[in-house]
Amino acid sequence: MAAKAKPRQDAGPVIGVDAMKALIMDVPDFPKKGIMFKDITPLLADPKGFNSVIDGLIAPFKQKGIEIVAGVESRGFLLAPAMAARLGAGVVPLRKKGKLPRKVHSASYDLEYGTDSIEAHADAFARNARVLLVDDVLATGGTAAAAISLIEALGGKLIGSTFLIELAFLNGRQKLSGRTIHSLLTY
Ligand code: AMP
């Protein structure tokens with residue numbers, strides 16, 4: 001009979017940066033020619049990997065009184081709820097156009113591959129709610145800049161932005177200058 005997996009008791013990172021990187025798969029020319037897509041699904045499927053990711057994403061923000069973790073559709077949705085549960089915070093989804101049922105506010109942005117816009121419910125954030133933004137990848141910074149403008153336009157107080165992957169050669173950080181940016185894995 002297979003032994004039952006023991007639940008983790010500690011909150012510290014259980015695998016390091018190199019081991020996390022080894023679980024990410026590079027997919028050339030997806031979704032367009034010239035893009036090297038970072039597929040994080042094997043990392044998220046690995047129990048130690050996923051827990052290390054969540055611990056690492058929230059590490060600098062544990063004592064910051066975060067009330068809301070705002071996740072960007074789609075892969076930010078895989079990260080925000082687990083982070084919020086560990087921080088004792090709530091979750092707000094920043095969704096693609098046309099998905100939310102009530103009155104929305106929207107912000108548009110350029111992607112590394114194309115353009116898009118994101119929306120949040122107009123009443124998503126209580127005034128001055130302390131918000132942590134999360135997405136899987138910081139590439140050119142356009143998505144994050146739009147997400148930040150959306151959060152602030154709706155009255156949220158942005159405490160920081162955290163990313164699993166930063167593609168440093170695309171200079172996304174420059175677009176977010178003056179902001180608190182945290183990334184776990186840099187390429
Ligand atoms: P950007 O607005 O250029 O910073 O792009 C960030 C968004 O695009 C994130 O939501 C990512 O999910 C996605 N993205 C951009 N480049 C990549 C990439 N090379 N691999 C995976 N996702 C990417």
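The values are calculated or read from the model by the stated rules, or taken from the named source; none is laboratory data. Bear in mind the structure is a predicted one, so any value in this text is a computation, not a measurement. A quick note on method: Cβ atoms are made from the backbone with ideal geometry, for glycine too, and the neighbour counts reach across all protein chains shown. Heavy atoms of the whole protein, side chains included, go into the accessibility calculation; ligands, DNA and RNA do not. Shrake-Rupley method; radii C 1.70, N 1.55, O 1.52, S 1.80 Å.
The accessible area of residue 110, taken with all protein chains in place and a 1.4 Å probe, comes to roughly 100 Å².
Based solely on its DSSP helices, what 222 nm [θ] is calculated for the chain when runs of n ≥ 4 H residues each add -39,500 (n - 2.57) and the sum is averaged over all residues, nearest 500 deg cm²/dmol? Working shown, then result.
Values: 6 runs with 47 residues, N = 187.
When only DSSP H runs of four or more count, the value is -6500 deg cm²/dmol.
At 1.4 Å probe radius, can you tell me the per residue accessible area of the chain in Å²? Let's see the in-between values first.
Details: 9670 Å² over 187 residues.
Using a 1.4 Å probe on heavy atoms only, each residue of the chain averages 52 Å².
Taking only Cα atoms and a 10 Å spring cutoff, compute GNM fluctuations for the chain and point out the largest among 132, 57, 167. Residue with maximal mean-square fluctuation among 132, 57, 167: 167. Full extension of the chain between residue 59 and residue 110 gives 15.4 nm of extra length, using 0.36 nm per residue less the Cα-Cα distance.
Partner lysines whose Cα lies under 30 Å from the Cα of residue 175, excluding those fewer than 8 positions away in the same chain, are identified as 21, 32, 33, 38, 62, 64, 96, 97, 99, 103, 157.
On the basis of the beta-carbon distance and an R0 of 25 Å, residue 117 and residue 39 show a calculated FRET efficiency of 0.50. In this structure, the amide hydrogen of residue 185, modeled 1.01 Å from its nitrogen in the peptide plane, lies closer than 5 angstrom to those of 165, 166, counting only residues at least 5 positions away or on a different chain. Neighbours of residue 154 by Cβ distance under 10 Å: Lys/Arg scored +1, Asp/Glu scored -1, total -1. Cα gyration tensor of segment 8-90, axes a ≥ b ≥ c as square roots of the eigenvalues: rounded (a/c below 1.5), prolate (a/b > b/c) or oblate? Taking the square roots of the gyration eigenvalues as a ≥ b ≥ c, segment 8-90 is oblate.
The slack in the chain from residue 19 to residue 152, taken as 0.36 nm per residue of separation less the alpha-carbon distance, amounts to 44.3 nm. How much of the accessible area of the chain, probe 1.4 Å, is carbon plus sulfur, in whole percent? With neighbouring chains kept in place, the figure for the chain is 54 percent. Taking every alpha-carbon pair under 8 Å whose residues sit at least 6 apart, the chain reaches a relative contact order of 17 percent.
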